[in-house]
Amino acid sequence: MIIRPLFLLPVVLMTGCATTSTTRQPAFTLAIPAAFNHSVELKRIRIGDDLWAPPPTPDKAKYPITKYAGAWGKQNFVDRQEHSWKIEVSLAPTARIQQIQKACSEATDGYDAGHRVDEDGSYMFARFAHKDFRWGRAFSYLTQFTQDTSVYVPHNGHLTYEVWGITKNGSHVVHATFNLTHPKLRTWGPEVRVADSIEALKKDRDYALIESCSSSAFEPGLTEIDSLLNSLEVE
């Protein structure tokens, strides 16, 4: 697939799909700038499809999802995990939509919001912010997930900017994840420190760094990501 930067990318509805909100395939467009336009792929996930390819677990999609995934950077081609991003638009059931709507309006911090909506078992929810995009309301935080139970301090390799939102008409869930780097953080490896607890994590110097630094200190910048997300138009 050849995708040119700064042009709208149409997601065509699949022929033969039912038109009900539980079975039709979500469709949306994005204007992807050159900095994010590496290895971009489009995937339409139908009810019953494997959520992972190849699937490490037998998780099946419970509702339709349309997803763009790619990588950011100045290189012509990027395949490192720390450069990955994805934006999903889904037709989630009413209970899930209401759950995210309540988090958008009621959550007091990232941990409150994350514990309401997170499905990946992430342990960190820093730099929480409410967001208003032209397509709807949302919130964001910086998060981390690892496969063991250790509470690692923020580091390059797992640090992720995550956004959850609901379209203005309340029909679609928008979920985006962008892996980030910061020049003052260590890269994933044996030298990454482990906090004794979540409370100790919140007092860590690297946690304080990602909470207070400029949004442009990250790569990619958070404002750049929000601009990309703001270009989203659900059809």
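So here's what we get for this one:
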quantity: Per-residue [θ]222 nm for the chain (sum of -39500 (n - 2.57) over DSSP H runs n ≥ 4, rounded to 500); calculated: -5000 deg cm²/dmol
quantity: Cα centroid separation - region 197-235 against region 118-185, whole Å; calculated: 8
quantity: Global form of the chain, assessed from the alpha-carbon gyration tensor, a/c cut-off 1.5; calculated: prolate
quantity: Rounded to the nearest 20 debye, dipole of the chain from Cβ charges on Lys, Arg, Asp, Glu; calculated: 560
quantity: Using alpha-carbon coordinates, inclination of helix 94-106 to the longest axis of the chain, degrees; calculated: 40
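The numbers here are math on the coordinates, done by the rules we state, and not lab data. Owing to the predicted nature of the structure, the values given are computational and were not obtained by experimental measurement. Cβ: placed from backbone, ideal geometry, glycine included. Neighbour counts: every protein chain shown.
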